[in-house]
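Working notes, beginning with the structure itself.
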Amino acid sequence: MPGRPIGFFDSGEGGLTVMREVARLLPGENLIYACDTCHFPYGPRPLPDVRRFFLRFINFFREQECKLVVVACNTATVAALDLLDGGLPVPAVGVVRPGARAAAAASRSGRIGVAATQGTVASGIYPRFIRECRPDAVVSQEPCPILVIRAEAGVISGPAVRAEVARCLAPFLEQDVDTLVLGCTHFPHMRAVIADVAGPGVTLVDPGVATAMAVAERLQAGGIANPAAAGSRGFYTTGDPAHFTEVAGRLWPGGVGKAQQIQLDFDQE
Ligand code: DGL
């Protein structure tokens, strides 16, 4: 069991930010990244569609004999929330609860912003989970779909991105938030620009960091952590593997090797 891989799922390149944190914390684990580039972006899609896509990937991860799946996508975490507590054939961890807890703990003033996709914002999941930990929190949310598109293309810096980040962050700065949740896994790719625009008075919370700790705890508790020195990495996409490899190579230090294409039957009920 310990040598079996951990699976990571996202619509595209975003979940790499979560896998990076897990790889840092647990370098011995074998990691499989699988994303649904052919249905990207998930943010504007009806959540039942996202849930259906996610469930096809769960079959894939089961076939790969994954010991754990990390739902490295906030929108998919929302879409499958009720299934994450034991309702799947493979145990799964989402990114929202760890991120909400980290934000509640990080904020001094209780004024917390959440930048996310349309689907995540509309669900209200972050305000709900943050207030569960901190009932006095004042949470403001904004969808920032343009940043998802840019990060997916590997465009994470430069004057145009900076201007778009400034437009997305303006409402949060007006609200005087002291903590900002990067509530879409694509956003940590452009963390440097976001930090610069937000300024030193705003603490950025990347849910991927807290999720990696949750993964470590889960493996320890289950006695299934891999004691190996250096684990393997595998990358799969439903889209064009050459394109994924090229963009991911810019986002993942050292490159991702060669991604493979997977064909999943999305029409199956
Ligand atoms: N990275 C995903 C998230 O955290 C999805 C972004 C998208 O496909 O719209 O929500």
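The values are calculated or read from the model by the stated rules, or taken from the named source; none is laboratory data. What you see is a predicted model, and the numbers here were worked out from it, not measured in a lab. Ideal geometry is used to build each Cβ from the backbone, glycine not excepted, and the neighbour counts take in all protein chains shown. SASA here: full protein model, heavy atoms, side chains in, ligands and nucleic acids out. Shrake-Rupley method; radii C 1.70, N 1.55, O 1.52, S 1.80 Å.
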Does region 65-81 contain any residue that is assigned to a loop (DSSP other than H, G, I, E, B), among the acidic types (Asp, Glu) and in contact with a helix residue (DSSP H, G or I) (Cβ under 9 Å, 6 or more places away or on another chain)?
no
Taking region 36-47 and the residues there that are within 20 Å of residue 264 (Cα to Cα) and within 9 Å of the ligand (Cβ to nearest atom), the one that is surrounded by the fewest Cβ atoms within 10 Å (Cβ to Cβ) would be 39
Count, please, the residues in region 95-116 that happen to be open to solvent by 10 Å² or more (accessible area, probe 1.4 Å) and under 13 Å from the mean Cα position of the chain (by Cα).
2
Here is a list: 28, 86, 7. Which entry is more than 25 Å from residue 115 (Cβ to Cβ) and crowded, with 24+ Cβ neighbours inside 10 Å?
7
Inspect region 64-71 for any residue being closer than 18 Å to residue 208 by Cα, in contact with a Ser or Thr (Cβ under 9 Å, 6 or more places away or on another chain) and either modelled with pLDDT under 95 or open to solvent by 10 Å² or more (accessible area, probe 1.4 Å) (or both) and give the result as yes or no.
no
Out of 156, 125, 130, report the one residue that is in contact (Cβ under 8 Å) with a residue 12 or more places away in the chain, out of contact with any Ser or Thr (no Cβ under 6 Å at 6 or more places or on another chain), under 26 Å from residue 197 (Cβ atoms) and within 13 Å of the ligand (Cβ to nearest atom).
125
Going through region 121-180 one residue at a time, which ones are over 20 Å from residue 14 (Cα atoms), open to solvent by 70 Å² or more (accessible area, probe 1.4 Å) and of a type in the set (S, T, N, Q)?
175
Every residue from region 199-221 that is open to solvent by less than 50 Å² (accessible area, probe 1.4 Å) and either modelled with pLDDT under 95 or assigned to a loop (DSSP other than H, G, I, E, B) (or both):
199, 201, 202, 206
Name the residues in region 117-131 that are of a type in the set (A, V, I, L, M) and either touching a Pro at 6+ places or on another chain (Cβ under 7 Å) or not in a helix (DSSP H, G or I) (or both), would you?
121
Residue 2 vs. criteria in contact (Cβ under 8 Å) with a residue 60 or more places away in the chain, more than 25 Å from residue 223 (Cα to Cα) and assigned to a loop (DSSP other than H, G, I, E, B):
no
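Taking the condition farther than 17 Å from residue 210 by Cβ and part of a loop (DSSP other than H, G, I, E, B), does residue 87 pass?
Yes.
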